[in-house]
Amino acid sequence: MSNSLSCTDLFFAWPDGDVLFDGLTFVAGPVRSGLVGRNGVGKSTLLRLIAGRLAPQRGSIRVNGELGYLPQDLTLDTALRVDQALGIAEIRAAITAIEQGDASDANFAAVGDGWDVEERAEAMLGKLGLGSIGLDRSVGELSGGETILLGLAAELLRRPDVLLLDEPTNNLDLRARRHLYDAVEGFRGALLIVSHDRELLDRVDQIGDLRKGEVTWYGGNLTAYEEAVAVEQEAAERMVRAAESDLKRQKRELIEARMKMDRRRAAGQRAFEQGGIPKIIAGGLKRSAQVSAGKHLGMHSDRFDAAQDALAEAEEKVHDDDSIRVDLPKTAVPAGRIVLRLEDYVLRTGLHADLEIRGPERIALTGPNGAGKSTLLHAVAADNAPLVPWRLLPQRLDLLQDDLSVVENLALLAPSAENQERRARLARFLFRGRAADQPVSTLSGGERFRATLAALLLAEPPPQLLMLDEPTNNLDLSSVTQLREALASYNGALVVASHDLPFLREIGITRWLSMEDNELHEIDPL
């Protein structure tokens with residue numbers, strides 16, 4: 001198959017022996033494919049294996065055509081020029097030398113058929129919103145989002161047949177995301193995207209669900225995938241209920257069969273002891289009854305075992321993406337109460353902000369990267385400006401102490417609560433039983449986020465103002481859903497700095513603010 005990639009019987013384990021893939025086999029054809037799955041299942045690792053950055057211990061990976069790869073943790077040498085980062089500096093230099101009279105074979109060989117490379121590069125940069133940066137500028141002058149788009153431009157200039165993108169919209173503002181969306185829609189090869197960005201995944205042709213070391217493909221975009229999974233899960237839950245009912249019935253019939261066998265054995269023993277039956281006849285009847293009862297009991301035992309297996313098989317098909325169910329009445333704030341007031345508030349970036357938040361408003365803080373959204377939230381927190389109890393969830397989840405367990409961290413923030421009460425609250429955030437005793441240092445990215453969110457929302461005093469800085473960055477779709485569920489129970493004021501428009505729309509934003517050109521102003525809903 002042209003423009004495709006395939007993995008066959010792939011085995012990969014980490015040096016500590018933790019097996020990630022064992023027998024993974026799949027094919028991704030010449031379409032736009034999204035790859036989803038919970039944090040820690042191996043999505044980014046799989047892309048690194050396909051790209052050759054890691055080597056499997058068994059199995060094969062085949063890529064038909066030229067391969068391009070944009071990693072999630074892309075870093076470029078800040079001393080490079082833009083043309084060097086694009087991989088065209090040598091061709092540009094050779095063209096310049098030829099134009100100045102050096103018509104050597106080496107220069108012509110360096111150019112090859114790339115005489116229009118500068119025009120193609122500038123056109124590509126223009127399509128990605130980087131038309132103003134220039135080929136001779138330093139990479140160090142670019143923002144983080146511009147660096148990501150430059151990396152994508154470098155891959156697209158190579159005209160790959162197969163392109164791997166790992167969380168490409170992380171750290172991109174709305175304008176940059178739209179340029180990337182256009183590039184994805186215009187790509188004509190095989191595209192495999194790992195992302196939690198709903199708008200991006202609604203532009204693909206199929207979704208691969210990576211779960212328990214296997215990829216299951218669903219035709220259509222993310223919305224179609226979620227609808228299909230919902231139907232599957234409803235059927236799987238019906239199967240579980242039916243299997244549970246059958247298991248109870250088989251258990252009841254097995255118990256009844258054992259009781260009948262015991263009653264018959266007791267009745268035969270009494271008849272023999274009373275002398276009503278000759279010994280030789282009684283022995284024959286006893287053996288016949290034992291054989292018949294044994295067969296009957298064995299039949300029921302086999303049915304019970306089969307029912308257990310059927311239940312286990314049905315339960316295997318039900319996803320374990322638990323939902324957060326939490327009640328947070330103490331976070332409520334009256335509608336007219338002022339929770340934050342900024343008057344001619346000046347940031348070190350030069351931004352002047354005037355802002356008043358009343359009651360349980362939900363405010364979206366948008367704007368391009370570098371406008372100062374994070375700076376504003378952290379400055380408000382540092383100055384202790386809110387007029388009510390507040391908490392800030394930063395992009396870097398560094399609020400918890402790594403050497404303490406989840407419940408011990410909560411004890412620091414909610415010291416007056418009883419230990420059992422803290423554990424009961426954590427259970428609502430899916431840290432049940434021993435999970436609450438895990439050291440924070442051992443948690444996955446999604447678990448760490450959930451633990452941090454739980455600690456903030458359950459802290460004393462309960463926060464009546466919650467500030468979130470790019471909360472959905474690096475979260476899988478399940479974790480985003482869990483965050484949305486937790487915020488649905490939050491009754492205080494909310495300020496969310498984010499580029500994730502679908503998430504902002506889903507959490508009930510009531511006011512939209514934009515930061516741009518050192519100004520903070522209200523805008524119409526996006």
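In order along the stretch 454-463, the phi-based Karplus estimate (6.51 cos²θ - 1.76 cosθ + 1.60, θ = phi - 60°) of 3J(HN,Hα) comes to 4, 4, 5, 6, 9, 5, 10, x, x, x Hz; Gly and Pro are listed as x.
What does the charge count around ARG358 come to, taking other residues whose C-beta lies under 13 Å from its C-beta (Lys +1, Arg +1, Asp -1, Glu -1)? Don't skip to the end; give the middle numbers.
Values: positive: ARG337, ARG341, ARG362, ARG511; negative: GLU356, GLU361.
Charge balance in the 13 Å sphere: +2.
Legend: calculated FRET efficiency, GLU244 to THR510, from the Cβ-Cβ distance at R0 = 60 Å, rounded to 0.05, equals 0.85. Relative contact order of the chain: 15 percent, from C-alpha pairs under 8 Å at least 6 residues apart in sequence.
Hydrodynamic analysis of the stretch 4-221 uses the Kirkwood radius over alpha carbon pairs. Inserted into Stokes-Einstein at 37 °C and 0.692 mPa s, it gives a translational diffusion coefficient of 176 µm²/s.
Shape index of the stretch 385-526: Rg/Rh, with Rg the Cα radius of gyration and Rh the Kirkwood radius from the inverse mean 1/r over Cα pairs, equals 0.98. Can you give me the distance in nm between label points at ALA417 and THR78, each placed 7 Å from the Cα along the Cα-to-Cβ direction? Placing both labels 7 Å beyond Cα along the Cβ direction yields 4.2 nm. Within the stretch 307-410, the trypsin sites (Lys or Arg not before Pro) that combine a DSSP coil assignment with at most 15 other C-beta atoms in a 10 angstrom radius are LYS317, ARG325, ARG337, ARG348, ARG396.
Phi angles of the stretch 483-492 translate, via the Karplus equation with coefficients 6.51, -1.76, 1.60 and θ = phi - 60°, into HN-Hα couplings of 5, 4, 5, 5, 5, 5, 8, 7, 10, x Hz per residue; Gly and Pro are given as x. 3J(HN,Hα) along the stretch 217-234, derived from phi through the Karplus expression 6.51 cos²θ - 1.76 cosθ + 1.60 where θ = phi - 60°, amounts to 9, 10, x, x, 8, 4, 4, 5, 4, 5, 5, 5, 5, 4, 5, 4, 5, 5 Hz, with x in place of Gly and Pro.
Only beta bridges with both residues in the chain are counted; by DSSP, about 45 percent of them are antiparallel. Within the set of other residues whose C-beta is less than 13 Å from the C-beta of GLY59, count the net charge using Lys and Arg as +1 and Asp and Glu as -1. Around GLY59, the surrounding residues sum to 0.
Taking the chain, how many lysine pairs are there with alpha carbons less than 16 Å apart, if each pair must be eight or more places apart or span two chains? Lysine pairs meeting both conditions in the chain amount to 6. Selection among GLY492, ILE363, GLY433 by position relative to the dipole of the stretch 329-523 gives GLY433 as farthest towards the positive end (Cβ unit charges, Cα centre).
No value in this document is a laboratory result; all are computed from the given coordinates. Since we're looking at a predicted model, the values are computed, not measured. Cβ sites come from the backbone with ideal geometry, for glycine too, and all protein chains shown count toward neighbours.
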